[in-house]
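Just below is one structure, and these are the notes that go with it.
The values are calculated or read from the model by the stated rules, or taken from the named source; none is laboratory data. Remember, predicted model here, so these are calculated numbers, not experimental data. No Cβ is skipped: glycine too gets one built from the backbone with ideal geometry, and neighbour counts run over all protein chains shown. SASA here: full protein model, heavy atoms, side chains in, ligands and nucleic acids out. Shrake-Rupley method; radii C 1.70, N 1.55, O 1.52, S 1.80 Å.
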Amino acid sequence: MKEMCGNSMLENQPQKHYGITSPISLTPPKEIDYIYTQKLIEAMKPFGVFEDEKELNHRLIVLGKLNKLVKEWISELSESKNLPPSVVATVGGKIFTFGSYRLGVHTKGADIDALCVAPRHVERSDFFQSFFEKLKVQDGIRNLRAIEDAYVPVIKFEFDGIEIDLVFARLAVQTISDNLELRDDSRLRSLDIRCIRSLNGCRVTDEILHLVPHKENFRLTLRAIKLWAKRRGIYSNVLGFLGGVSWAMLVARTCQLYPNALASTLVHKFFLIFSKWEWPNPVLLKQPEDSNLNLPVWDPRVNPSDRYHLMPIITPAYPQQNSTYNVSTSTRAVMVEEFKQGLAVTDEILQGKSDWPKLLEPPIFFQKYKHYIVLTASASTEENHLEWVGLVESKIRVLVGNLERNEFINLAHVNPQSFPGNKEHCKESNYVSMWFLGIIFRKMENAESVNIDLTYDIQSFTDTVHRQANNINMLKDGMKIEATHVKKKQLHYYLPAEILQKRKKQSIPDIGRNISGLSSKRASVDVSSLDGSMNTDTGTRYSSPPLLNRISKLDNNSLIETERNTVLQRTSAATSREKSLNVTMPSVPVKRLPIPVIGSKTEIAGTTKAVLPPTGCAIPTVVGRNVISRLITPPPAQGQQLLNGISTLNSKNAAPKRPHSPSSEECTKRLKDIEKVKTHFNMESKGERVGEMYIDKLQKTLQDSLGGGESMPVPTIDTSRSQRLASKELPDSSSPVPTNNIRVIKHSIRLTLNR
């Protein structure tokens, strides 16, 4: 498969303007860029990212068969509904593809996302009944199942060895022609919300392809970035990282800014742009449009919940939506750190100091943290286990959010990969899956020990899972969830040695800085060298001996200087590729896009060596033998200005907070995501410098695209669970917790952090 993109014709092609800003560079590729791109292709081949012609043709044959089946079914259904023969003969029907297959970046063995489009007289119930029955009797169809109550209802099956996820939409037309296009917004008129959701995948995919300058360059770059994200454990929309469409939009934006670059250069520029991106500024591929169809769109000026999004990446097709609303403080911190690491590695590669396989090395997750939570889901039968694991995995981000809001935790990093249970776990159940969450605890100052009980955090998560399972009648005997705290040294009880093989240990201060900005200033317990822990968790099987290490405290000034030096060192490597790339750190915060983010965690891990908690409700702070109550910082005065120019309203009437809830002052500190020091790029292309003025223009364009004007006031909102905005995918909070006698947490987990 030829994936080499760009050629000498680029210089002679007229340049079309893509995106909401002008490009950063129009420089055509050099000979060395072709060499680096070919090396990138060779590095990707061992991972099965390219299909051969035989496999591609097989997919086309399967899709052709499916398209024929759809037309036959619609024709038969039309006859049964007594439509005139002339209409039946021309009623039509069509299969569209979307997702990775439509983008041209699918891998070997990947499934195909497909859409069945039918005329107006075909009901959704027909699709899940008569068409489902038709699929049952077809040769080559296996593992057929319908998920009619999903957010986007779908029929899943395997057709001649190809997995297919088929969704349905009917249009307000009498016939469906073979040359039907879905990009026209008028196609959405008079459709129900489920049809609009089903159409959205195809419309977004087609719009992305329409908005990139060179499709082959885009495809190869996206293949590389998706492979990198999967290898680094940050590819999972359901767990709060990014999914395929989000990665595609980030790569598309990079292609818009460097329209003539080859994949090797685009991969490097991808890391350059998004390691310095000022989140929560949104990533937009085009100016948002209003088609006057009165559909809900992403707009933080109108929708308060949109202001909570930490890493907005906005789909280009109407109705515009944020594809990353699952991203949390921890997952964003992990991804930003990976962007920085990717920039450092690609700097070395393009300087000839390293090679592409280094970029694709897996992380050392099980050597990275001192403390872990092991989440175990088990069931009595294989069928029940598949259902149960899918539900539990879809709600793990709820657990991450619960832990993030605990004042003793700086970061909760979930590993997207699940693992089967070992022999000991399988004694009670033959079907067990495990997930691991790495935890960074805050270091405590002026305290001999701090007792942490996280039972409420984990119990709240398990109640959510049980509530959802009860609502969809999934909960069955034998379905269990257990959460256990373990130290790094105890992981061998759960995982084989080959997974835990030790490599050079990676430090974690940078992730801590991503979460906290630059320092943590909590009134109750400040950063210190408290680095030991004694495990008193009654639900933990293995004791955790006290930690012996001590970590010296870093002050703000040294941390700021360290971060400044790190940025300068990393960007200096890129100067051999760009004629100039200067990083300026202005001392005065710059007013930026007024999209407030409330509830994002900004406490620093610094060089924190973290300790993982158990589940709990009350967390007394212990100093020596004396128990002291937690200090609650008073809320900021009404009208107090944040560094970003965003005013904070008086929160004296906020609902009472549970012990884990952050203080009002913490809420304002969490807004430091919006207050980051602005970084300026100075880039040179064909003798012209594109620097601070360009980035200012880009940021101003983002503001203008969302209405511009003054920063909107942001109320300080209590982040206790009773006040949280409901997620689109979470059950209604009013739903009762099932009274089923299957409980999730049999024992509490308690930790004592010692100096």
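As a test of understanding, state the convex hull volume per residue of region 183-255 from its alpha carbons, in Å³. Could the numbers behind the result be given before it?
Working: hull volume 6.5 nm³, N = 73.
Taking the convex hull of the Cα positions in region 183-255, it is 89 Å³ per residue.
Per-residue SASA remark: ASP178, around 100 Å² accessible (1.4 Å probe; ligands, DNA and RNA not included). Other residues whose C-beta falls under 10 angstrom from the C-beta of TRP73 contribute a net charge of -1, scoring Lys and Arg +1 and Asp and Glu -1.
The mean sequence distance of close C-alpha pairs (under 8 Å, at least 6 residues apart), as a share of the length of region 164-235, puts its relative contact order at 27 percent. Using R0 = 45 Å, the C-beta based FRET efficiency linking LEU386 and LYS68 works out to 0.90.
Taking amide H positions as placed in the peptide plane 1.01 Å from N, state which residues far from LEU26 in sequence (5 or more) or on other chains have amide H under 5 Å from it. Under 5 Å from the amide H of LEU26 lies no amide H from a residue far enough along the sequence or on another chain.
Rolling a 1.4 Å probe over the heavy atoms of the protein chains gives region 292-424 an accessible area of 31 Å² per residue.
Extension gain, SER418 to VAL87: 0.36 nm times the residue separation minus the Cα-Cα distance gives 114.0 nm.
Under 18 Å from a point placed 7 Å out from the Cα of ILE35 along the Cα-to-Cβ direction: which residues of region 341-378 have their backbone N that close? Hits in region 341-378 for ILE35 at 18 Å: 346-357.
Find, among the chymotrypsin sites (Phe, Trp or Tyr not before Pro) in region 126-163, those assigned to loop by DSSP (not H, G, I, E, B) with at most 14 other beta-carbon atoms within 10 angstrom. Numbers along the way, then the final one.
Working: sites: PHE127, PHE128, PHE131, PHE132, TYR151, PHE157, PHE159; in loops: TYR151.
Here the chymotrypsin sites (Phe, Trp or Tyr not before Pro) that fit, given the DSSP loop and packing criteria, are TYR151.
Measuring how big region 130-180 is from its alpha-carbon positions, Rg and Dmax come out at 12.9, 34 Å.
Top to bottom by accessible area (1.4 Å), largest first, where do ASP290, ASP126 land?
Values: ASP290 110, ASP126 25 Å².
Output order, biggest surface exposure first: ASP290, ASP126.
Structure shown: which of LYS54/LYS94; LYS65/LYS286; LYS16/LYS276; LYS45/LYS269; LYS94/LYS480 lie over 32 Å apart, alpha-carbon to alpha-carbon? Distance filter (> 32 Å) returns LYS65/LYS286; LYS94/LYS480.
Compute the FRET efficiency between TYR151 and GLN287 as 1/(1 + (r/R0)^6), taking r as their Cβ-Cβ distance and R0 = 25 Å, and round to the nearest 0.05. Efficiency at R0 = 25 Å is approximately 0.35. Accessible-area rank, largest first, for THR381, THR205: THR381, THR205, with all protein chains present and a 1.4 angstrom probe.
Close amide H contacts of PHE50 (hydrogens built in the peptide plane, cut-off under 5 Å, sequence separation of 5 or more or a different chain): LYS108. Rounded to the nearest Hz, the phi-derived 3J(HN,Hα) couplings of region 449-455 under the Karplus curve 6.51 cos²θ - 1.76 cosθ + 1.60 (θ = phi - 60°) are 7, 10, 8, 10, 10, 9, 4, where x marks glycine and proline. Phi angles across region 175-187 convert, under the Karplus curve 6.51 cos²θ - 1.76 cosθ + 1.60 with θ = phi - 60°, into 3J(HN,Hα) values of 9, 10, 7, 5, 9, 4, 10, 10, 6, 5, 4, 5, 5 Hz, Gly and Pro given as x.
Taking every protein chain into account, the 1.4 Å probe leaves LYS358 with about 80 Å² of accessible area, to the nearest ten.
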